[in-house]
Amino acid sequence: MPIKFPFSRRRAGPADAWTKCPSCDQQVFNRQLERNLRVCPTCGHHFRMGIGERIELLCDEGSFVERDAGLTSVDPLQFVDQKPYPERIEAAHAKTGLSEAAVWGIGSVDGHPVALGLFDFRFMGGSMGSVVGEKVARCLETALTERIPAVIVAASGGARMQEGTLSLLQLAKTTAPLVRLDEAGVPFVSILTDPTTGGVLASFASLGDVIVAEPRALIGFAGARVASGTVGEELPEGFQTAEFLLEHGFVDLVVPRAELRATLARILRLLPVAVAGDEGLLDGTARAWGPIGALSGFAERVGGAVSETIGIDAQAGAAAGNGNGSREHLAEPPAEAGERR
């Protein structure tokens, strides 16, 4: 007869103490997951993060100050599906503690002030309705007014169907300020996380001067089945992953979460905000601002060592700089053999 030891029984832990990784099926202790920035220690799967966790990850401690926290959605269409739209908003608020799917404010990243916008997929799939579009637009407009870089971390299923055409209008509202940012030489960094789809990807999220994605993030306009049916052919496996899009030029960088803050700080150093009122070059031609132009001007200012490091040939002279200056030096005859240039 077996001997029982009543005080040595293994007690069942709480049901929410472990999380199953969807990539490797390993059970991960939640405290370990939080310490590892919500990245699976076995396979590197990047779990989704909330807005508070994102702010702690990216911003200098205590630097983030939220703006427009009081903006809330209304029900202009009196929309009802399985439940009325206001009830869905209330349920999402109770679940997340947020008033909407997006938050924006002013913070700093490694000492660089930024206008920062963040999405939370837990709030109605991070969908973009009128309030979310307004917050994104205000984030970008404030970046222009205060002449600081704009950074938006996207995680969304797209436009919010409960607001119909009003949600589709947010694509234009959030895109329009980017034209003015570009003309003013204020950089915009777009960070794509899992998932970034639909109208959010089809608007501001795909228009960053630098587009950064987290590993294995789902990025696409429509679902894989819909996309395949639209083009009428079988699409390659994983065609909507961050790595596939990096390979095909849609994404500039795929950065692990642990390196994201340092990478963002480095981007902000290499993409300085243009000087206010600097509307052209010395010869009167228009200045074409952009990431490559900014890096070129940066390399010119700090010297040849940096120029070689980032792969840009910095040209000296008044016409060279942060834009399309004079190209007369390209027409100079080649030097004679043995002549030093």
Q. Label points 7 Å out from Cα along the Cβ direction at Ala172 and Asp81: separation in nm?
A. 2.5 nm
Q: Could you tell me what percent of the DSSP beta bridges with both partners in segment 170-271 are antiparallel, to the nearest 5?
A: 10 percent
Q | Protection proxy ranking of 98-106, 85-93, 228-236 - average other beta-carbon atoms within 10 Å, highest first | A | 98-106, 85-93, 228-236
(Q) Report the Cα centroid-to-centroid distance between segment 74-147 and segment 18-45 in angstrom, as an integer. (A) 27 Å
Q.
For a quick size check, give me the Cα extents of segment 48-270 along its three principal axes, largest first, whole Å.
A. 48, 45, 32
Q: Ratio to report: Rg/Rh of segment 177-277, with Cα atoms as the point set and Rh obtained by the Kirkwood method; give two decimals.
A: 1.04
Q: Quickly work out the Arg147-to-Asp25 label distance, labels modelled 7 Å from Cα along the C-beta direction, and quote it in nm with one decimal.
A: 5.8 nm
Q. How do the peptides 112-119, 37-44 rank, highest first, by the average count of neighbouring beta carbon atoms within 10 Å per residue?
A. 112-119, 37-44
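Each value in this text was obtained by applying a stated rule to the coordinates, not by laboratory testing. Keep in mind it's a predicted model, so treat the numbers as computed, not measured. Here the Cβ is made from the backbone with ideal geometry for all residues, glycine too, and neighbour counts use every protein chain on show.
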